[in-house]
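The values are calculated or read from the model by the stated rules, or taken from the named source; none is laboratory data. Since the model is a prediction, treat every value here as computed from it, not as a measurement. Neighbour counts run over all protein chains shown; Cβ positions are idealised from the backbone, glycine included. Heavy atoms of the whole protein, side chains included, go into the accessibility calculation; ligands, DNA and RNA do not. Shrake-Rupley method; radii C 1.70, N 1.55, O 1.52, S 1.80 Å.
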Amino acid sequence: YGLQDIRNDEVIGVKSTSIKFKNNAKVFVGTCYCLCVLFILIMFLTMKMNKFFLLVSIPFIVSLIYQIKIFNVSKPKSCHAAFKMNNLTGIFIFIFIISLATL
C-alpha cells in the first residue's frame with residue numbers, strides 16, 4: 001500500500017518502510033510473503049493435516065505471487081492494483097481458515 005504514494009511521502013519527509021526498501025521493494029515484499037507461506041507450511045506439517053488443506057492454500061499463495069509480479073515501484077497504478085488484489089487474497093485465506101475449522 002505504501003508504495004502507491006512513495007513520491008509524496010519523500011517530499012513531505014515521511015519515514016516509512018516503503019521508502020526504506022524502495023530500491024528493493026520486490027525483494028522485501030517477496031521475503032515477507034515467503035515467510036507467510038513458510039509459516040503456513042510449518043503449520044501444515046506440525047498439525048499433520050490432510051493434503052486437501054494444502055491444496056486449499058494454493059490460490060492464496062498464487063495470489064501473493066501475482067501481486068509481486070504486477071507491481072512496479074515506478075508505476076503507482078500497478079501498486080494500487082496489487083493492493084486491491086488483497087481483497088481476493090483475503091477471501092482465499094478466509095476460505096483456507098474456514099476449511100481448517102471444519103476439522
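Quick look at the values:
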read-out: Principal-axis tilt of helix 86-101 within the chain, Cα atoms, nearest 10 degrees; value: 20
read-out: Cα-based helix-to-principal-axis angle, 25-47 vs the chain, degrees rounded to 10; value: 10
read-out: Net charge over other residues, Cβ less than 15 angstrom from the Cβ of Tyr66 (K, R count +1; D, E count -1); value: +3
read-out: Estimated 222 nm signal from helices in the chain, with DSSP H stretches of n ≥ 4 weighted -39500 (n - 2.57), rounded to 500; value: -24500 deg cm²/dmol
read-out: Net +/- balance of residues flanking Leu41 in space, Cβ distance below 14 Å, scoring K and R +1, D and E -1; value: +2
read-out: C-alpha long axis of helix 51-70 to longest principal axis of the chain, angle in °; value: 10
read-out: Euclidean distance of C-alpha centroids, segment 13-34 and segment 59-86, integer Å; value: 13
read-out: Net lengthening on full extension, Ile12/Ala101 (0.36 nm per residue, minus Cα-Cα); value: 27.5 nm
read-out: Whole-number accessible area per residue in Å² for the chain, which is evaluated in the context of all protein chains at 1.4 Å; value: 69
read-out: Partners for Lys20 among lysines (Cα-Cα distance below 25 Å; same-chain residues under 8 apart left out); value: Lys69, Lys75, Lys77, Lys84
